[in-house]
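In what follows, a structure is listed as structure tokens, so that the remarks can point back to it.
Taken together, the values in this text are just the output of simple stated rules run on the coordinates, not laboratory data. All values derive from a computational prediction rather than experimental measurement. Here Cβ is always computed from backbone atoms with ideal geometry, including for glycine, and neighbour counts include all displayed protein chains.
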Amino acid sequence: MTSRVLIVDDEPANALLLESMLADEPDLELKSVTDSRLAEQEFLEFEPDIVLLDLHMPKPDGIEILTRLRSARESLGYLPVVVLTGDTTRLARNSALMLGADDFLLKPLEREEVLLRVRNLLHTRRLYTELASAKEALERHEGKPGKVP
């Protein structure tokens, strides 16, 4: 099962670094956006399973993108966002987490940590989507005697 990863970082070198960190994962499809103004459009078109989002970018910044994507993410169920930043302040971390970020990674990024966190969050997403599908199947069969999904 292939998972789609959307990388949003205004620094092309950072986006390439993340791509290279994740490139050896055979079940990942990667897409990078270096113009934050295109992040929302790419999110809707690419339909990612996880978003790796830089916090500090030209307008819109990561905080604004998190805010804009909130309703789309809620309608999809659990769709994790990992915020990436060199900003070590509590304000940055807490603002991102308060707006719905699921994890927070400090730059410079460490390959193993990125891989582990992405894998863990994608596993949780898969479990969520499997549960949602099972619930939907159960609801379709509810009320039909003798039918078991």
**Study point:** MRE, 222 nm, helices only [DSSP H, n ≥ 4, -39500 (n - 2.57), over the chain, to nearest 500]
**Key:** -16000 deg cm²/dmol
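Considering only the other residues whose Cβ falls under 10 Å of the Cβ of Val83, what net charge follows from Lys and Arg at +1 and Asp and Glu at -1? Can you show the working numbers first?
Working: positive: Arg93; negative: Asp54, Asp87, Asp102, Asp103.
Neighbour charge sum, excluding Val83 itself: -3.
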Check your understanding: With each pseudo-label sitting 7 Å past Cα toward Cβ, what's the Glu142-Asn94 distance in nm, one decimal?
Key -> 4.0
Review point. What residue among Glu136, Glu29, Glu112 shows peak mean-square fluctuation when the chain is described by a Gaussian network model with Cα springs under 10 Å?
Key: Glu136
Check your understanding: Pick from Arg119, Arg90, Arg68: which is most flexible by mean-square fluctuation in a GNM of the chain where alpha carbon atoms under 10 Å apart are linked?
Key -> Arg90
Study note, to complete from the structure: Note, Arg119: beta-carbon cut-off 13 Å, +1 each Lys/Arg, -1 each Asp/Glu, net -3
Practice item. For the chain, set up a Gaussian network in which alpha carbons nearer than 10 Å are linked by springs, and say which option among Lys59, Lys135, Lys31 fluctuates the most. Key: Lys135
